[in-house]
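Beneath this line is the structure, given in C-alpha coordinates, with notes to follow.
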(Lines give C-alpha, C1' and ligand atoms only; values in the text may rest on other atoms or scores of the structure.)
Protein backbone atom coordinates (compact mmCIF):
# COMPACT_ATOMS: atom_id res chain seq x y z
CA UNK A 1 0.00 0.00 0.00
CA UNK A 2 1.04 3.57 -0.57
CA UNK A 3 2.25 5.46 2.49
CA UNK A 4 1.18 9.15 2.14
CA UNK A 5 4.17 10.22 4.23
CA UNK A 6 6.46 8.90 1.52
CA UNK A 7 4.67 10.72 -1.28
CA UNK A 8 7.32 13.32 -1.99
CA UNK A 9 8.74 14.65 -5.22
CA UNK A 10 12.28 13.77 -6.08
CA UNK A 11 14.59 16.25 -7.73
CA UNK A 12 12.14 19.16 -8.27
CA UNK A 13 14.92 21.08 -10.03
CA UNK A 14 15.27 18.24 -12.53
CA UNK A 15 11.47 18.23 -13.06
CA UNK A 16 11.53 21.94 -13.90
CA UNK A 17 14.47 21.45 -16.26
CA UNK A 18 12.77 18.56 -18.04
CA UNK A 19 9.62 20.68 -18.41
CA UNK A 20 11.63 23.45 -20.07
CA UNK A 21 13.31 20.96 -22.41
CA UNK A 22 9.95 19.42 -23.31
CA UNK A 23 8.43 22.83 -24.09
CA UNK A 24 11.42 23.82 -26.21
CA UNK A 25 10.31 21.69 -29.16
CA UNK A 26 6.56 22.05 -28.64
CA UNK A 27 6.00 25.60 -29.92
CA UNK A 28 3.87 26.43 -26.89
CA UNK A 29 1.57 23.42 -27.27
CA UNK A 30 1.20 21.75 -23.85
CA UNK A 31 -0.03 18.55 -25.48
CA UNK A 32 3.13 18.25 -27.55
CA UNK A 33 5.24 19.18 -24.53
CA UNK A 34 3.75 16.33 -22.51
CA UNK A 35 4.50 13.93 -25.35
CA UNK A 36 8.08 15.23 -25.48
CA UNK A 37 8.41 14.72 -21.72
CA UNK A 38 7.22 11.10 -21.94
CA UNK A 39 8.76 9.77 -25.15
CA UNK A 40 12.08 9.99 -27.00
CA UNK A 41 12.57 12.75 -29.52
CA UNK A 42 11.22 11.79 -32.93
CA UNK A 43 8.91 9.06 -31.56
CA UNK A 44 6.11 10.16 -33.91
CA UNK A 45 8.21 9.71 -37.04
CA UNK A 46 7.55 5.98 -37.38
CA UNK A 47 4.34 5.59 -35.33
CA UNK A 48 0.71 5.43 -36.51
CA UNK A 49 -2.24 5.53 -34.09
CA UNK A 50 -5.77 4.23 -34.63
CA UNK A 51 -8.97 4.61 -32.63
CA UNK A 52 -10.47 1.12 -32.52
CA UNK A 53 -14.06 -0.06 -32.01
CA UNK A 54 -16.02 -3.24 -32.75
CA UNK A 55 -17.38 -3.16 -36.31
CA UNK A 56 -21.14 -2.68 -36.44
CA UNK A 57 -21.26 -2.10 -32.70
CA UNK A 58 -24.81 -2.18 -31.38
CA UNK A 59 -26.18 0.07 -28.69
CA UNK A 60 -26.11 -2.99 -26.42
CA UNK A 61 -22.41 -3.03 -25.64
CA UNK A 62 -21.03 -6.35 -24.40
CA UNK A 63 -17.28 -6.90 -24.07
CA UNK A 64 -15.45 -8.28 -27.11
CA UNK A 65 -11.84 -9.32 -27.36
CA UNK A 66 -9.25 -7.60 -29.50
CA UNK A 67 -6.85 -9.81 -31.44
CA UNK A 68 -3.50 -10.27 -29.68
CA UNK A 69 -0.76 -7.94 -30.85
CA UNK A 70 1.10 -10.95 -32.23
CA UNK A 71 -1.54 -11.06 -35.01
CA UNK A 72 -0.29 -7.66 -36.19
CA UNK A 73 3.32 -8.90 -36.11
CA UNK A 74 2.69 -12.10 -38.07
CA UNK A 75 5.30 -13.14 -40.70
CA UNK A 76 5.21 -10.76 -43.64
CA UNK A 77 4.09 -7.84 -41.50
CA UNK A 78 5.55 -4.40 -42.38
CA UNK A 79 5.40 -3.50 -38.67
CA UNK A 80 8.37 -3.30 -36.33
CA UNK A 81 6.20 -3.01 -33.22
CA UNK A 82 2.58 -2.91 -32.08
CA UNK A 83 0.83 -1.45 -29.06
CA UNK A 84 -2.66 -1.43 -27.54
CA UNK A 85 -3.91 1.19 -25.06
CA UNK A 86 -7.27 0.80 -23.30
CA UNK A 87 -8.52 3.64 -21.10
CA UNK A 88 -11.59 3.33 -18.86
CA UNK A 89 -13.44 5.82 -16.70
CA UNK A 90 -15.85 4.69 -13.96
CA UNK A 91 -19.29 6.03 -13.05
CA UNK A 92 -19.37 8.66 -10.32
CA UNK A 93 -19.23 7.22 -6.78
CA UNK A 94 -22.69 6.52 -5.43
CA UNK A 95 -25.56 4.08 -5.27
CA UNK A 96 -25.59 3.34 -9.02
CA UNK A 97 -21.92 2.33 -9.04
CA UNK A 98 -22.48 0.16 -5.97
CA UNK A 99 -25.51 -1.45 -7.61
CA UNK A 100 -23.51 -2.63 -10.62
CA UNK A 101 -20.70 -3.67 -8.24
CA UNK A 102 -18.03 -1.78 -10.20
CA UNK A 103 -18.81 -4.18 -13.05
CA UNK A 104 -19.01 -1.83 -16.07
CA UNK A 105 -17.01 1.33 -16.79
CA UNK A 106 -18.97 4.38 -17.88
CA UNK A 107 -16.62 5.02 -20.82
CA UNK A 108 -13.93 3.12 -22.65
CA UNK A 109 -11.48 4.26 -25.31
CA UNK A 110 -9.31 1.80 -27.23
CA UNK A 111 -6.28 2.66 -29.36
CA UNK A 112 -3.84 0.59 -31.39
CA UNK A 113 -0.48 2.10 -32.34
CA UNK A 114 2.08 0.54 -34.67
CA UNK A 115 5.60 1.42 -35.77
CA UNK A 116 6.98 0.94 -39.25
CA UNK A 117 9.45 2.33 -41.75
CA UNK A 118 6.69 2.11 -44.40
CA UNK A 119 3.69 4.09 -43.04
CA UNK A 120 1.40 3.50 -46.05
CA UNK A 121 1.81 -0.28 -45.95
CA UNK A 122 1.58 -0.25 -42.15
CA UNK A 123 -1.77 1.57 -42.18
CA UNK A 124 -3.29 -0.80 -44.71
CA UNK A 125 -1.93 -3.88 -42.94
CA UNK A 126 -3.17 -2.76 -39.51
CA UNK A 127 -6.66 -1.87 -40.70
CA UNK A 128 -6.98 -5.13 -42.63
CA UNK A 129 -5.91 -7.29 -39.68
CA UNK A 130 -8.29 -5.53 -37.32
CA UNK A 131 -11.11 -5.71 -39.86
CA UNK A 132 -10.60 -9.46 -40.22
CA UNK A 133 -11.06 -9.75 -36.45
CA UNK A 134 -14.22 -7.64 -36.47
CA UNK A 135 -12.95 -4.15 -35.62
CA UNK A 136 -12.82 -0.77 -37.31
CA UNK A 137 -9.64 1.33 -37.06
CA UNK A 138 -9.77 5.08 -37.75
CA UNK A 139 -6.30 6.57 -38.16
CA UNK A 140 -5.66 9.70 -36.08
CA UNK A 141 -3.87 12.73 -37.46
CA UNK A 142 -1.26 14.49 -35.34
CA UNK A 143 -3.67 17.00 -33.80
CA UNK A 144 -6.12 14.24 -32.85
CA UNK A 145 -3.29 12.22 -31.36
CA UNK A 146 -2.11 15.16 -29.25
CA UNK A 147 -5.68 15.55 -27.95
CA UNK A 148 -5.59 11.90 -26.89
CA UNK A 149 -2.20 12.36 -25.20
CA UNK A 150 -3.53 15.35 -23.23
CA UNK A 151 -6.67 13.44 -22.24
CA UNK A 152 -4.87 10.28 -21.13
CA UNK A 153 -2.13 12.30 -19.42
CA UNK A 154 -4.49 14.29 -17.20
CA UNK A 155 -3.90 17.68 -18.84
CA UNK A 156 -7.65 18.22 -19.34
CA UNK A 157 -8.70 20.60 -16.59
CA UNK A 158 -5.18 21.12 -15.28
CA UNK A 159 -4.04 24.64 -14.47
CA UNK A 160 -1.94 26.24 -17.18
CA UNK A 161 0.87 26.71 -14.65
CA UNK A 162 0.94 23.03 -13.60
CA UNK A 163 4.15 21.13 -14.30
CA UNK A 164 3.88 18.49 -16.99
CA UNK A 165 5.32 15.77 -14.77
CA UNK A 166 6.37 15.70 -11.13
CA UNK A 167 8.34 12.57 -10.36
CA UNK A 168 7.97 10.76 -7.06
CA UNK A 169 8.96 7.39 -5.66
CA UNK A 170 5.45 6.25 -4.65
CA UNK A 171 3.57 8.02 -7.50
CA UNK A 172 3.96 10.71 -10.11
CA UNK A 173 1.84 13.70 -11.05
CA UNK A 174 0.81 14.49 -14.61
CA UNK A 175 -1.53 17.39 -15.21
CA UNK A 176 -4.35 17.41 -12.65
CA UNK A 177 -4.00 13.82 -11.42
CA UNK A 178 -1.76 11.48 -9.45
CA UNK A 179 -0.71 8.28 -11.19
CA UNK A 180 0.70 4.93 -10.05
CA UNK A 181 1.98 2.25 -12.41
CA UNK A 182 2.18 -1.53 -12.22
CA UNK A 183 3.43 -4.32 -14.43
CA UNK A 184 2.65 -8.04 -14.43
CA UNK A 185 4.33 -11.18 -15.63
CA UNK A 186 1.35 -13.25 -16.75
CA UNK A 187 -0.13 -12.11 -20.04
CA UNK A 188 -3.75 -13.28 -19.43
CA UNK A 189 -4.09 -10.77 -16.58
CA UNK A 190 -4.59 -8.14 -19.29
CA UNK A 191 -8.18 -9.27 -19.74
CA UNK A 192 -9.02 -8.31 -16.17
CA UNK A 193 -7.05 -5.08 -16.09
CA UNK A 194 -8.51 -3.67 -19.31
CA UNK A 195 -11.98 -3.62 -17.77
CA UNK A 196 -10.87 -2.14 -14.45
CA UNK A 197 -13.79 0.01 -13.21
CA UNK A 198 -12.87 1.58 -9.84
CA UNK A 199 -10.86 4.68 -10.93
CA UNK A 200 -9.67 6.02 -14.28
CA UNK A 201 -7.29 3.35 -15.52
CA UNK A 202 -5.07 2.97 -18.58
CA UNK A 203 -3.56 -0.30 -19.75
CA UNK A 204 -0.71 -0.14 -22.25
CA UNK A 205 1.03 -3.09 -23.90
CA UNK A 206 3.83 -2.88 -26.49
CA UNK A 207 5.20 -5.87 -28.35
CA UNK A 208 8.08 -6.35 -30.80
CA UNK A 209 9.41 -9.51 -32.43
CA UNK A 210 13.01 -10.48 -31.77
CA UNK A 211 14.02 -13.69 -33.54
CA UNK A 212 11.68 -16.45 -32.46
CA UNK A 213 10.52 -14.61 -29.35
CA UNK A 214 8.76 -11.41 -28.42
CA UNK A 215 9.72 -8.51 -26.20
CA UNK A 216 6.72 -7.11 -24.33
CA UNK A 217 6.19 -4.08 -22.11
CA UNK A 218 3.03 -4.14 -19.98
CA UNK A 219 1.92 -1.28 -17.74
CA UNK A 220 -1.27 -0.53 -15.83
CA UNK A 221 -1.62 3.11 -14.76
CA UNK A 222 -4.22 4.11 -12.17
CA UNK A 223 -5.15 7.79 -11.90
CA UNK A 224 -6.88 9.74 -9.16
CA UNK A 225 -7.24 13.16 -7.58
CA UNK A 226 -5.36 12.27 -4.38
CA UNK A 227 -3.48 9.59 -2.49
CA UNK A 228 -6.61 8.34 -0.71
CA UNK A 229 -8.39 7.55 -3.97
CA UNK A 230 -5.38 5.62 -5.25
CA UNK A 231 -5.07 3.69 -2.00
CA UNK A 232 -8.70 2.57 -2.29
CA UNK A 233 -8.22 1.57 -5.93
CA UNK A 234 -5.08 -0.37 -5.10
CA UNK A 235 -6.96 -2.36 -2.46
CA UNK A 236 -9.66 -3.21 -5.02
CA UNK A 237 -6.99 -4.16 -7.52
CA UNK A 238 -5.18 -6.45 -5.08
CA UNK A 239 -8.42 -8.33 -4.41
CA UNK A 240 -9.32 -8.50 -8.09
CA UNK A 241 -6.08 -10.06 -9.32
CA UNK A 242 -5.39 -12.28 -6.32
CA UNK A 243 -6.01 -15.44 -8.34
CA UNK A 244 -5.01 -14.10 -11.74
CA UNK A 245 -1.36 -13.26 -11.28
CA UNK A 246 1.02 -11.03 -9.39
CA UNK A 247 1.26 -7.30 -10.03
CA UNK A 248 4.52 -5.47 -9.44
CA UNK A 249 4.33 -1.85 -8.31
CA UNK A 250 6.85 0.25 -10.24
CA UNK A 251 8.02 2.48 -7.41
CA UNK A 252 10.65 4.93 -8.58
CA UNK A 253 9.68 4.42 -12.23
CA UNK A 254 6.06 5.66 -12.43
CA UNK A 255 6.74 8.56 -14.79
CA UNK A 256 8.91 6.47 -17.12
CA UNK A 257 6.43 3.57 -17.16
CA UNK A 258 3.56 5.95 -17.97
CA UNK A 259 5.02 6.31 -21.48
CA UNK A 260 3.79 2.76 -22.28
CA UNK A 261 0.20 3.97 -21.64
CA UNK A 262 0.38 6.66 -24.34
CA UNK A 263 -0.62 5.35 -27.81
CA UNK A 264 2.63 6.16 -29.60
CA UNK A 265 4.52 2.99 -30.47
CA UNK A 266 8.19 2.89 -29.51
CA UNK A 267 9.11 -0.78 -30.00
CA UNK A 268 10.71 -2.34 -26.91
CA UNK A 269 14.21 -3.69 -27.42
CA UNK A 270 16.85 -5.57 -25.49
CA UNK A 271 18.91 -5.26 -23.43
CA UNK A 272 16.71 -3.22 -21.09
CA UNK A 273 17.03 -2.42 -17.42
CA UNK A 274 13.37 -1.53 -17.12
CA UNK A 275 11.47 -3.89 -14.86
CA UNK A 276 8.36 -3.77 -17.06
CA UNK A 277 10.12 -5.37 -20.04
CA UNK A 278 9.53 -9.11 -20.52
CA UNK A 279 10.86 -11.66 -23.01
CA UNK A 280 8.37 -14.40 -23.84
CA UNK A 281 7.80 -17.13 -26.42
CA UNK A 282 5.06 -16.76 -29.06
CA UNK A 283 2.54 -18.99 -27.26
CA UNK A 284 2.70 -16.72 -24.19
CA UNK A 285 2.62 -13.42 -26.10
CA UNK A 286 -0.29 -14.71 -28.22
CA UNK A 287 -2.52 -15.12 -25.18
CA UNK A 288 -2.48 -11.41 -24.33
CA UNK A 289 -5.67 -9.81 -25.69
CA UNK A 290 -7.53 -6.81 -24.28
CA UNK A 291 -11.28 -6.39 -23.94
CA UNK A 292 -13.09 -3.51 -25.60
CA UNK A 293 -16.78 -2.58 -25.68
CA UNK A 294 -18.66 -3.38 -22.51
CA UNK A 295 -19.05 0.21 -21.32
CA UNK A 296 -21.99 2.55 -20.99
CA UNK A 297 -25.14 3.21 -18.98
CA UNK A 298 -26.21 -0.03 -17.30
CA UNK A 299 -29.96 -0.42 -17.43
CA UNK A 300 -30.05 -3.79 -15.68
CA UNK A 301 -29.12 -7.47 -15.76
CA UNK A 302 -29.41 -9.41 -19.04
CA UNK A 303 -31.33 -12.50 -17.92
CA UNK A 304 -30.31 -14.49 -21.04
CA UNK A 305 -26.58 -13.70 -21.16
CA UNK A 306 -26.27 -13.44 -17.37
CA UNK A 307 -24.31 -10.19 -17.54
CA UNK A 308 -24.87 -6.47 -17.17
CA UNK A 309 -26.53 -4.91 -20.23
CA UNK A 310 -24.87 -1.52 -20.88
CA UNK A 311 -26.43 0.97 -23.30
CA UNK A 312 -23.70 2.72 -25.28
CA UNK A 313 -25.57 5.97 -25.72
CA UNK A 314 -22.66 8.28 -26.51
CA UNK A 315 -20.73 7.51 -29.67
CA UNK A 316 -19.00 9.20 -32.59
CA UNK A 317 -22.44 9.82 -34.09
CA UNK A 318 -25.80 10.79 -32.55
CA UNK A 319 -27.86 7.97 -31.02
CA UNK A 320 -31.66 7.90 -31.01
CA UNK A 321 -33.70 5.81 -28.57
CA UNK A 322 -37.41 5.34 -27.85
CA UNK A 323 -38.84 4.38 -24.44
CA UNK A 324 -42.42 3.50 -23.65
CA UNK A 325 -42.74 5.37 -20.35
CA UNK A 326 -41.44 8.52 -18.71
CA UNK A 327 -40.35 6.41 -15.73
CA UNK A 328 -37.95 4.41 -17.92
CA UNK A 329 -36.66 7.62 -19.50
CA UNK A 330 -36.16 9.09 -16.03
CA UNK A 331 -34.07 6.07 -15.02
CA UNK A 332 -31.87 6.29 -18.14
CA UNK A 333 -31.43 10.04 -17.57
CA UNK A 334 -30.44 9.61 -13.91
CA UNK A 335 -27.86 6.94 -14.71
CA UNK A 336 -26.51 9.02 -17.61
CA UNK A 337 -25.75 11.77 -15.08
CA UNK A 338 -23.90 9.19 -12.95
CA UNK A 339 -21.85 8.37 -16.06
CA UNK A 340 -20.79 11.98 -16.52
CA UNK A 341 -23.34 13.19 -19.08
CA UNK A 342 -25.27 16.41 -19.09
CA UNK A 343 -29.06 15.90 -19.43
CA UNK A 344 -31.75 18.25 -20.72
CA UNK A 345 -35.43 17.29 -20.46
CA UNK A 346 -37.88 18.91 -22.86
CA UNK A 347 -41.25 18.64 -21.07
CA UNK A 348 -44.21 20.61 -19.77
CA UNK A 349 -42.79 20.64 -16.25
CA UNK A 350 -39.24 20.11 -14.91
CA UNK A 351 -38.36 16.62 -13.75
CA UNK A 352 -37.02 16.09 -10.24
CA UNK A 353 -33.33 15.40 -10.39
CA UNK A 354 -30.10 16.96 -11.70
CA UNK A 355 -31.46 17.78 -15.14
CA UNK A 356 -31.76 20.88 -17.28
CA UNK A 357 -35.25 21.81 -18.51
CA UNK A 358 -36.60 23.17 -21.78
CA UNK A 359 -40.17 23.83 -22.87
CA UNK A 360 -41.79 21.52 -25.47
CA UNK A 361 -41.17 22.34 -29.10
CA UNK A 362 -38.86 21.26 -31.92
CA UNK A 363 -35.99 19.10 -30.60
CA UNK A 364 -33.39 21.42 -29.05
CA UNK A 365 -30.37 19.42 -30.18
CA UNK A 366 -27.44 20.03 -27.85
CA UNK A 367 -24.11 18.75 -29.10
CA UNK A 368 -21.95 16.78 -26.72
CA UNK A 369 -18.28 15.88 -26.78
CA UNK A 370 -16.14 12.85 -25.94
CA UNK A 371 -15.37 14.13 -22.43
CA UNK A 372 -18.83 15.63 -21.72
CA UNK A 373 -21.60 13.81 -23.60
CA UNK A 374 -25.20 15.04 -23.62
CA UNK A 375 -28.62 13.40 -23.44
CA UNK A 376 -31.79 15.18 -24.61
CA UNK A 377 -35.07 13.65 -23.40
CA UNK A 378 -38.27 14.51 -25.27
CA UNK A 379 -41.09 13.76 -22.83
CA UNK A 380 -44.09 12.71 -24.93
CA UNK A 381 -43.80 15.34 -27.69
CA UNK A 382 -47.10 16.49 -29.20
CA UNK A 383 -45.85 15.59 -32.68
CA UNK A 384 -43.62 12.74 -33.75
CA UNK A 385 -40.18 14.41 -34.07
CA UNK A 386 -38.10 14.08 -37.21
CA UNK A 387 -34.62 13.09 -36.04
CA UNK A 388 -32.97 11.77 -39.21
CA UNK A 389 -29.69 13.47 -40.07
CA UNK A 390 -28.84 14.83 -36.62
CA UNK A 391 -25.39 16.49 -36.64
CA UNK A 392 -22.47 16.04 -34.32
CA UNK A 393 -21.37 13.29 -31.96
CA UNK A 394 -21.53 12.11 -28.37
CA UNK A 395 -25.11 13.10 -27.80
CA UNK A 396 -28.24 10.99 -27.60
CA UNK A 397 -31.94 11.77 -27.98
CA UNK A 398 -34.46 9.74 -25.99
CA UNK A 399 -38.14 10.02 -26.99
CA UNK A 400 -40.96 8.95 -24.67
CA UNK A 401 -43.73 7.53 -26.86
CA UNK A 402 -46.85 5.35 -26.61
CA UNK A 403 -46.08 3.08 -29.52
CA UNK A 404 -48.51 3.18 -32.37
CA UNK A 405 -48.47 3.15 -36.19
CA UNK A 406 -47.71 6.88 -36.22
CA UNK A 407 -44.35 6.15 -34.54
CA UNK A 408 -43.03 3.86 -37.30
CA UNK A 409 -41.04 6.70 -39.00
CA UNK A 410 -39.42 7.49 -35.63
CA UNK A 411 -38.61 3.84 -34.92
CA UNK A 412 -37.09 3.43 -38.38
CA UNK A 413 -34.39 6.02 -37.55
CA UNK A 414 -34.00 4.89 -33.92
CA UNK A 415 -31.04 2.81 -32.78
CA UNK A 416 -32.98 1.08 -30.03
CA UNK A 417 -36.20 0.92 -28.03
CA UNK A 418 -36.79 0.08 -24.37
CA UNK A 419 -40.24 -1.34 -23.74
CA UNK A 420 -42.12 -2.57 -20.70
CA UNK A 421 -45.53 -4.24 -20.95
CA UNK A 422 -46.64 -4.35 -24.58
CA UNK A 423 -49.78 -5.49 -26.32
CA UNK A 424 -49.71 -7.78 -29.35
CA UNK A 425 -50.03 -4.88 -31.87
CA UNK A 426 -47.04 -3.08 -30.28
CA UNK A 427 -44.97 -6.26 -30.26
CA UNK A 428 -45.75 -6.78 -33.95
CA UNK A 429 -44.81 -3.16 -34.69
CA UNK A 430 -41.41 -3.47 -32.98
CA UNK A 431 -40.71 -6.84 -34.58
CA UNK A 432 -41.47 -5.40 -38.01
CA UNK A 433 -39.15 -2.43 -37.56
CA UNK A 434 -36.20 -4.03 -35.75
CA UNK A 435 -36.40 -7.54 -37.18
CA UNK A 436 -35.78 -9.40 -33.92
CA UNK A 437 -37.60 -10.36 -30.76
CA UNK A 438 -37.28 -12.57 -27.69
CA UNK A 439 -40.29 -14.77 -28.36
CA UNK A 440 -39.17 -17.61 -26.10
CA UNK A 441 -38.99 -15.57 -22.87
CA UNK A 442 -42.17 -14.36 -21.18
CA UNK A 443 -41.89 -10.87 -19.74
CA UNK A 444 -42.01 -10.85 -15.94
CA UNK A 445 -42.52 -7.93 -13.52
CA UNK A 446 -39.36 -5.87 -13.14
CA UNK A 447 -38.08 -6.73 -16.62
CA UNK A 448 -38.02 -4.71 -19.84
CA UNK A 449 -37.09 -5.55 -23.40
CA UNK A 450 -34.21 -3.66 -25.01
CA UNK A 451 -34.34 -4.09 -28.76
CA UNK A 452 -32.05 -2.77 -31.49
CA UNK A 453 -30.93 -3.64 -35.02
CA UNK A 454 -30.62 -7.40 -35.01
CA UNK A 455 -30.15 -7.69 -31.24
CA UNK A 456 -32.45 -7.87 -28.24
CA UNK A 457 -32.16 -8.49 -24.51
CA UNK A 458 -34.53 -9.13 -21.66
CA UNK A 459 -33.28 -6.94 -18.83
CA UNK A 460 -34.16 -7.13 -15.17
CA UNK A 461 -34.13 -3.74 -13.46
CA UNK A 462 -33.18 -3.15 -9.83
CA UNK A 463 -33.55 0.37 -8.48
CA UNK A 464 -31.34 1.96 -5.86
CA UNK A 465 -32.95 3.68 -2.90
CA UNK A 466 -32.21 7.07 -4.42
CA UNK A 467 -33.81 6.01 -7.71
CA UNK A 468 -36.94 4.79 -5.90
CA UNK A 469 -37.23 8.21 -4.31
CA UNK A 470 -36.55 10.04 -7.57
CA UNK A 471 -38.92 7.99 -9.73
CA UNK A 472 -41.72 7.73 -7.17
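If you go through the range 62-90 and keep only what is more than 23 Å from residue 267 (Cβ to Cβ) and surrounded by fewer than 24 Cβ atoms within 10 Å (Cβ to Cβ), you end up with 62, 63, 64, 65, 89, 90. Of these, 288, 255, which one is crowded, with 18+ Cβ neighbours inside 10 Å, outside the structural domain of residue 392 (by TED's automatic domain parsing) and within 30 Å of residue 100 (Cα to Cα)? Selected residue: 288, the only one of 288, 255 that is crowded, with 18+ Cβ neighbours inside 10 Å, outside the structural domain of residue 392 (by TED's automatic domain parsing) and within 30 Å of residue 100 (Cα to Cα).
Whether any residue in the range 336-351 is assigned to a helix (DSSP H, G or I) and crowded, with 21+ Cβ neighbours inside 10 Å is what I want to check. Within the range 336-351, one or more residues are assigned to a helix (DSSP H, G or I) and crowded, with 21+ Cβ neighbours inside 10 Å.
Checked against (1) surrounded by 15 or more Cβ atoms within 10 Å (Cβ to Cβ); (2) free of Cβ contacts under 8 Å to residues at least 40 places away in the same chain; (3) closer than 15 Å to residue 320 by Cα, residue 375 meets all criteria but (2). Look at the range 116-125 and say how many of its residues are outside any helix (DSSP H, G or I) and either surrounded by fewer than 19 Cβ atoms within 10 Å (Cβ to Cβ) or outside the structural domain of residue 222 (by TED's automatic domain parsing) (or both). Adding up the residues that qualify gives 2.
Restricting to the range 67-115, name every residue that is in a loop (DSSP other than H, G, I, E, B) and in contact with a strand residue (DSSP E or B) (Cβ under 7 Å, 6 or more places away or on another chain). Passing the criteria: 73, 79, 80, 100, 103, 104, 105, 106.
One residue alone among 398, 367, 372 is within 24 Å of the chain's Cα centre (by Cα), assigned by TED's automatic domain parsing to the domain that holds residue 461 and part of a strand (DSSP E or B), and that residue is 398.
Exactly one residue out of 326, 307 is more than 19 Å from the chain's Cα centre (by Cα), at pLDDT 85 or above and not assigned by TED's automatic domain parsing to the domain that holds residue 136: that is 326. Elements of the type strands (runs of 3 or more DSSP E) sitting completely within the range 215-321 and holding at least 3 residues that are closer than 23 Å to residue 64 by Cβ: these cover 297-302, 307-311.
State yes or no: is residue 146 outside any strand (DSSP E or B), modelled with pLDDT of 85 or more and either out of contact with any helix residue (DSSP H, G or I) (no Cβ under 6 Å at 6 or more places or on another chain) or not assigned by TED's automatic domain parsing to the domain that holds residue 26 (or both)? Spelling it out, it is not the case that residue 146 is outside any strand (DSSP E or B), modelled with pLDDT of 85 or more and either out of contact with any helix residue (DSSP H, G or I) (no Cβ under 6 Å at 6 or more places or on another chain) or not assigned by TED's automatic domain parsing to the domain that holds residue 26 (or both). Going through (1) touching a residue at least 12 places away in the same chain (Cβ under 8 Å); (2) closer than 30 Å to residue 74 by Cα one by one, residue 283 falls short only on (1).
The values are calculated or read from the model by the stated rules, or taken from the named source; none is laboratory data. Computed from a predicted model, the values in this text were never measured in an experiment. Don't worry about glycine lacking a Cβ; one is built from the backbone with ideal geometry, like all the others, and counts go over all protein chains shown.
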